[in-house]
Ligand code: GLY
């Protein structure tokens with residue numbers, strides 16, 4: 001049995017219709033509303049546990065996604081009282097983000113874009129809040145402080161300059177739109193210049209010959225040359241971590257959006273094709289693209305019902321639905337800049353991925369989970385990777401966020417991107 005479909009096989013798959021997208025977005029906004037009491041002063045964790053997110057403080061790299069879900073729910077909401085409730089909660093959280101960056105609480109890493117674009121850039125865009133703008137600019141300052149001129153990249157984690165941390169990771173491409181935004185808002189080119197240097201280094205080193213991608217890339221601190229690639233959350237060093245490849249799809253799309261460099265279109269097509277050629281028949285990626293059909297169970301029962309399973313299932317490699325929705329957002333973004341045939345192609349593929357996740361992963365029974373998209377995986381331990389295990393076959397907060405973003409894009413093609 002073949003492990004993966006071929007990109008050409010996608011022609012036979014159905015697309016999510018606009019009506020289905022609108023209904024799914026309505027369900028998501030309803031789930032957001034039901035969770036407002038638990039998650040306004042507190043934030044959901046990165047991954048659910050047994051289907052349920054627990055409330056916690058504004059720490060880590062993922063809290064901005066929930067605030068982003070509040071803003072997307074605000075934008076989707078037609079009913080004035082509900083809209084006001086989403087806005088009030090999102091504004092309270094934006095204030096928490098201002099406090100966090102002023103106090104420099106857990107911001108010694110590169111994930112300023114993941115934290116501040118869907119929370120504070122969105123707040124500024126939608127309400128004109130000067131406090132939110134200030135918070136996002138402080139976050140951009142924090143991010144550029146991690147730039148390493150030798151090698152030309154933003155160091156992801158750890159002590160600045162330490163040899164065992166002298167690396168960038170593919171995910172960072174989604175942190176960079178914050179820098180372009182900061183240059184546009186302040187008129188100061190320093191943010192954009194650093195983003196451009198990082199993108200150049202990333203594009204030159206992160207994509208392998210077969211169009212798969214490294215998760216993390218170590219650079220030589222003396223020469224600034226490529227030293228070696230390694231995984232943290234993928235199965236092994238040379239395999240393609242599904243979410244890393246998906247960050248590559250969306251990351252090359254936003255790199256093109258901000259630079260308009262023609263060669264980035266080619267990079268986008270390469271990493272996207274690799275992703276699409278390594279999907280199982282039901283289109284929900286395994287957590288690492290080395291796995292495919294035969295490595296895990298079906299996501300629907302024999303009657304076509306969703307399997308509400310959470311947590312590790314021994315003997316089954318888990319999926320990562322969040323990779324599918326991140327890649328779908330990337331394709332919908334890139335489609336804005338491509339000639340009409342190419343644009344129609346990527347829009348159609350995105351809708352096929354979204355149909356698959358909507359049919360198999362959407363939480364439609366709020367008594368089973370307080371999340372939105374099942375079958376995500378945060379960090380799954382393998383014999384070869386270096387991650388701390390967390391959130392296997394659960395809802396993951398960025399999966400919920402990017403699912404809502406993708407649905408919003410389908411419902412409102414003129415939606416103004418937060419990134
Ligand atoms: N950016 C970390 C992750 O995707 O898990």
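Filtered by the rule that a residue be under 24 Å from residue 314 (Cα atoms) and surrounded by fewer than 18 Cβ atoms within 10 Å (Cβ to Cβ), region 360-378 gives a lone residue, 368. Screening region 18-113 for helices (runs of 4 or more DSSP H) wholly inside it with 2 or more residues that are free of Cβ contacts under 8 Å to residues at least 40 places away in the same chain returns the ranges 18-34, 80-103. For region 265-277, the count of residues that are within 18 Å of the chain's Cα centre (by Cα), within 16 Å of the ligand (Cβ to nearest atom) and either surrounded by 23 or more Cβ atoms within 10 Å (Cβ to Cβ) or outside any helix (DSSP H, G or I) (or both) is nonzero. Residue 240 - would you say it is within 15 Å of the ligand (Cβ to nearest atom) and at negative phi? Yes.
Considering 357, 325, the condition of being within 16 Å of the ligand (Cβ to nearest atom) and either farther than 21 Å from residue 171 by Cβ or buried (at least 19 other Cβ atoms within 10 Å of the Cβ) (or both) is satisfied by 325 alone.
Considering only residues in region 172-189 that are out of contact with any strand residue (DSSP E or B) (no Cβ under 9 Å at 6 or more places or on another chain) and under 17 Å from residue 327 (Cα atoms), the one that is nearest to the ligand (Cβ to nearest atom) turns out to be 174. Does residue 389 fit the bill of being within 18 Å of residue 47 (Cβ to Cβ), surrounded by fewer than 21 Cβ atoms within 10 Å (Cβ to Cβ) and either touching a residue at least 40 places away in the same chain (Cβ under 8 Å) or over 13 Å from the mean Cα position of the chain (by Cα) (or both)? The answer is yes for residue 389.
Here is a yes/no grid of residues against (1) within 23 Å of residue 223 (Cβ to Cβ); (2) at pLDDT below 95; (3) within 24 Å of the chain's Cα centre (by Cα):
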{"position": "163", "(1), (2), (3)": "yes, yes, no"}
{"position": "167", "(1), (2), (3)": "yes, no, yes"}
{"position": "170", "(1), (2), (3)": "yes, no, yes"}
{"position": "177", "(1), (2), (3)": "no, no, yes"}
{"position": "180", "(1), (2), (3)": "no, no, yes"}
{"position": "184", "(1), (2), (3)": "no, no, yes"}
{"position": "188", "(1), (2), (3)": "no, no, no"}
{"position": "191", "(1), (2), (3)": "no, no, yes"}
{"position": "198", "(1), (2), (3)": "yes, no, yes"}
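Hey, does region 117-140 have a residue that's touching a helix residue (DSSP H, G or I) at 6+ places or on another chain (Cβ under 9 Å) and within 23 Å of residue 234 (Cα to Cα)? So far as region 117-140 goes, no, none of its residues is touching a helix residue (DSSP H, G or I) at 6+ places or on another chain (Cβ under 9 Å) and within 23 Å of residue 234 (Cα to Cα).
Residues in region 14-32 that are farther than 12 Å from residue 358 by Cα and surrounded by 17 or more Cβ atoms within 10 Å (Cβ to Cβ): 29, 31, 32.
Kindly indicate which of 98, 72 is surrounded by 18 or more Cβ atoms within 10 Å (Cβ to Cβ), under 27 Å from residue 379 (Cα atoms) and away from the ligand (no atom under 16 Å from the Cβ). Just a single option satisfies the conditions, and that option is 72. Return a yes/no flag: does region 234-243 have any residue that is buried (at least 22 other Cβ atoms within 10 Å of the Cβ), closer than 24 Å to residue 147 by Cβ, in contact with a helix residue (DSSP H, G or I) (Cβ under 8 Å, 6 or more places away or on another chain) and touching a residue at least 40 places away in the same chain (Cβ under 8 Å). No, that holds for no residue. Looking only at residues in region 190-235 that are within 16 Å of the ligand (Cβ to nearest atom) and not in a loop (DSSP other than H, G, I, E, B), the one that is farthest from residue 382 (Cα to Cα) is 198.
The values are calculated or read from the model by the stated rules, or taken from the named source; none is laboratory data. Predicted model, so just to flag it, every value in this text is computed and none were measured. Cβ: placed from backbone, ideal geometry, glycine included. Neighbour counts: every protein chain shown.
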